[in-house]
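Scroll down for the structure; my scribbles are underneath it.
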Amino acid sequence: MTGNAIAMEDVRKAYGGNLVIPGLTAEIGGGQFTVILGPSGCGKSTLLNMIAGLERVTSGTIRFGRREVQDLAPKDRGCAMVFQNYALYPHMSVRNNIGYALKVAGVPKEERRKRVDTAAESVGLRGLLDRRPSELSGGQRQRVAVARAIVREPSVLLFDEPLSNLDAKLRHGMRMELTRLHDRIGATSVFVTHDQVEAMTLADKVMLLNNGEIVQYAAPSELYENPATTFVATFIGAPAMNLLAADGEGAGIRLPDGTLLTKTPFRGPVTLGIRPENIEIVPDGIPCRTVYSESLGSHSVIVAALPDGQELRIATPLGRRMTPGEALSVRFMKGAIRLFDPESGKRH
Amino acid sequence: MVEDTRGIDRTAFAILIIGVAFILAPIVIAFLTASLSYEEFVSAGGIGLNVGSSFLDNMRRIVTETQLPGQLWNSIVISLLVAGIKCAFAFTATFALVFYESRWNWIIFSLTIATVMLPLELLVITTYQIVANVAMPLNWLMQITGLAWLAEEVVGARHEFRLSLLDTYIGVALPIATSSTSVFIYRQFFLSLPKDLPRAAAMDGASPFRFMIDILLPLSWTPLVATFMFWFIGGWTQYLWPLVAAATPDAQPAVVGLAKLANTEPDRIPDVPLLMAGALFVSFIPVVLIGVMQRQIVRGLNLSEK
């Protein structure tokens, strides 16, 4: 089964006079895993709630496939949701938690039993069906929440930061499981998070929001390699992309104090973006001075000051140690430089 | 610094003992007095600490010679009604207040809370008028809409609707039940529940009513039981309103009946031993209830999810 595509057209949401989402148009591909990413307060949860039907749109239309759903109740939209704090019913057994939606829908007991078993099986909950949520670990509760969402075989699966309460190790495991689950059931999945690692690993496509507007909507690799704005450049990647205020003089780009950074042809003031891992330490390059260095095992991150004082983050593949104050010289890798308009932040 | 906890323990213990003695003294005196015969009581010249042997005899007289056993049943029914109505209304009202957002919420909440500020004792006369004819608002409504005049034209005679709830269980219980103190407690409890719970239920297709019955009600069991007990005992000890609303002994609750025992003949010294036996008889059920439900009450008033 392939899930429905979700088409949003000029969707707006206002609370009182406060416009949280000022007109958003986008299409989420059927059967795709789409991650809505953004800083807190960017309207991503509001958007998800409007897709779910938990909040009304102020104006605009939302379609699941060809069906207009913005005025339908959540249960009539054929979507299910996994919540951040699991929101399991504390007084019900795992079996009843998973089966509650079926019970409300009036599914006969025998069929309910079978479908709960199947759903529980597919998230690895066998043997825990008679427990109460309070007797389960965080990871197990999350599984119950997922099973509860998939038991109705929804065409759209919504996730509201479901992994943020798990510890790092469990989170990694659940990410893998969610990907496999998505591939298996084929529903359209929409996943809200503020964690870029989740976005990068889970998504077919990432919708990056800021202030209720789509900043970039593309595949994760595209977001990483070709950020549309300086906002995307700094939001994605850790450590973030370096952004340097520089001037193009036709044949090359220099720092304000005259140091030549690159021979990329450009004219006029510019914001030069370069990822930390695309900076090489070479014997004769741009001179700088180490400010700080930290070793992360697989690589080191060095913070260095350029001649005019702007700071540069450099990721070195080998555990190279630098002491503060030590001089080094660097080169920007060819093809890795991204240029942005210093006024609008948009990419040239 | 090492504190002398034993000293603190002893002091605390002493204070507790004094407190217990203070609270128990009237009950002990009631017991002692109830064990005297009328003659012994009169010759002792008042309430004292004498022990008699007529306790069972006094109890037998309460059961056989007074109307207290029947009135005990009245008390049970009225208290159950009071507690049931209070809990049911407070529960549904709080559900609406907490889970439905409206900018008028604070006004509704304030109005609800205002009922706490107006004790029934203050409104006895108006309440009596309404209970004596609950159709009064209907008559009034017909009057101002002109329907009454229309009816008079058609039927030929002026008609006033009359329905008195005096001397009925519901008539005694309803006015006592119109107070919203539990809203405070339930509200605190509902607010402590996970915020996504109603949303999860909505996603599962449950209507708000279904959410209330299937999820909220089972979760609220402990505070519900605690407040129910509370209001049951509250209804049990009501005096003034039942005295006004129930004129015949058959409809009166036991506490009113007990008071009536005191003033049978004006010239005679009241039969205090019998009265005390009656008091013990009447308080037996609430005491047992509190004893059995103690834990539930404490847990329920803890205001948090278990």
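Every read-out reported here was derived from the displayed coordinates using simple, explicitly stated rules and does not represent laboratory data. The shown structure was predicted, so the numbers you read here are calculated from the model rather than taken from an experiment. Please note: Cβ atoms are built from the backbone with ideal geometry, for glycine as well, and neighbour counts cover all protein chains shown.
Overview of values
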read-out: Theoretical FRET efficiency, 1/(1+(r/R0)^6), r = Cβ-Cβ of A:Leu296 and A:Leu128, R0 45 Å, to 0.05; value: 0.75
read-out: Hydrodynamic radius (Kirkwood) for the protein assembly as shown, which is based on Cα pairs only, to one decimal in Å; value: 32.1
read-out: Rounded tilt (10° steps) of A:109-122 against the dominant C-alpha axis of chain A; value: 20
read-out: Spin-label pair B:Phe31/A:Arg254, simplified geometry with 7 Å Cα→Cβ offset, distance in nm; value: 10.3
read-out: Cα-centred dipole magnitude for region A:239-348, charges only on beta-carbon of K, R (+1) and D, E (-1), debye, nearest 20; value: 340
read-out: Inter-part distance where region A:260-338 and region B:136-182 are each reduced to a Cα centre, Å; value: 87
read-out: Selection of GluC sites (Glu not before Pro), region B:63-166, meeting DSSP coil and at most 10 other Cβ within 10 Å; value: B:Glu101
read-out: Cβ charges +1 (Lys, Arg) and -1 (Asp, Glu), total dipole of region A:6-227, debye; value: 980
read-out: Dipole of chain A, positive direction: furthest Cα of A:Ile236, A:Gly99, A:Ser298, with charges on the beta-carbon; value: A:Gly99
read-out: Tail weight of P(r) past 26 Å, computed on alpha-carbon pairs of region A:6-227, percent; value: 35
read-out: Alpha carbon centroid spacing (whole Å) that separates region B:45-61 from region B:78-112; value: 47
read-out: Average projected area [Cα convex hull, chain B], square nanometres; value: 26.8
read-out: Dipole magnitude (debye, nearest 20) for the protein assembly as shown, charges at Cβ of Lys, Arg, Asp, Glu; value: 1660
read-out: Distance between modelled label sites at A:Thr323 and B:Val298, nm, 7 Å Cα→Cβ extension; value: 6.6
read-out: Debye-sum result for region A:1-97 in log10 I(q)/I(0), which assumes one identical scatterer on each alpha carbon, at q = 0.17, 0.24 Å⁻¹; value: -0.83, -1.36
read-out: Under DSSP loop assignment and at most 15 Cβ neighbours within 10 Å, longest chymotrypsin sites (Phe, Trp or Tyr not before Pro)-free interval of chain B; value: B:1-99
read-out: Between 0 and 90°, nearest 10: helix A:168-185 axis offset from chain A longest Cα axis; value: 60
read-out: Cα-based equivalent ellipsoid, region B:70-183: semi-axes from gyration tensor eigenvalues, Å; value: 31, 23, 12
read-out: Loop trypsin sites (Lys or Arg not before Pro), region A:58-164, which have at most 10 other Cβ atoms in a 10 Å radius of their Cβ (DSSP); value: A:Arg66, A:Arg126
read-out: Options A:Ala119, A:Ala52, B:Val287, ranked by Cα towards positive dipole end of the protein assembly as shown, top entry (Cβ charges); value: A:Ala119
read-out: Region A:4-24-region A:190-234 distance, computed between alpha-carbon centres (Å); value: 19
read-out: Which of B:Leu301, B:Leu197, B:Ser110, positive extreme of dipole for chain B (C-beta unit charges); value: B:Leu197
read-out: Cα gyration tensor shape for region B:147-306, rounded if a/c is under 1.5, else prolate or oblate; value: oblate
read-out: For region B:169-239, projected area of the alpha-carbon convex hull averaged over all directions, nm²; value: 5.7
read-out: More than 15 angstrom apart: percent of Cα pairs within region A:291-348; value: 59
read-out: Cubic angstrom per residue, convex hull over Cα atoms of region A:242-340; value: 85
read-out: Overall Cα dimensions of region B:54-133 - principal axes, largest extent first, Å; value: 64, 29, 23
read-out: Ascending count of other beta-carbon atoms within 10 Å, so fewest first, for A:Cys79, A:Cys42; value: A:Cys42, A:Cys79
read-out: Restricting region A:263-323 to trypsin sites (Lys or Arg not before Pro) in coil, as DSSP defines it, with at most 16 other Cβ within 10 Å; value: A:Lys263, A:Arg320, A:Arg321
read-out: Calculated diffusion of region A:163-239, Stokes-Einstein form, Kirkwood radius summed over Cα pairs, 20 °C and 1.002 mPa s, µm²/s; value: 160
read-out: Efficiency of FRET between A:Ser137 and B:Glu101 - r from beta-carbon atoms, R0 35 angstrom, step 0.05; value: 0.55
read-out: Amide H contacts under 5 Å for A:Val330, placed H, 5+ residues apart; value: A:Val282, A:Gly285, A:Ile286, A:Cys288
read-out: Spacing of the two label points (7 Å from each Cα toward its C-beta) at B:Thr5 and B:Val225, in nm; value: 3.2
read-out: Percent breakdown of C-alpha pair distances by 10 Å bin, ordered from the shortest bin, for region A:86-205; value: 13, 46, 33, 8, 0
read-out: All-pairs Cα distance distribution in region A:263-313, expressed in whole percent, bin size 5 Å; value: 4, 15, 23, 28, 16, 8, 3, 1, 0
read-out: At 0.890 mPa s and 25 °C, Stokes diffusion of region A:184-298 via Kirkwood alpha-carbon radius, µm² per second; value: 147
read-out: Ellipsoid semi-axes in whole angstrom, largest first, where each is sqrt(5λ) of the Cα gyration tensor of region B:102-142; value: 26, 17, 5
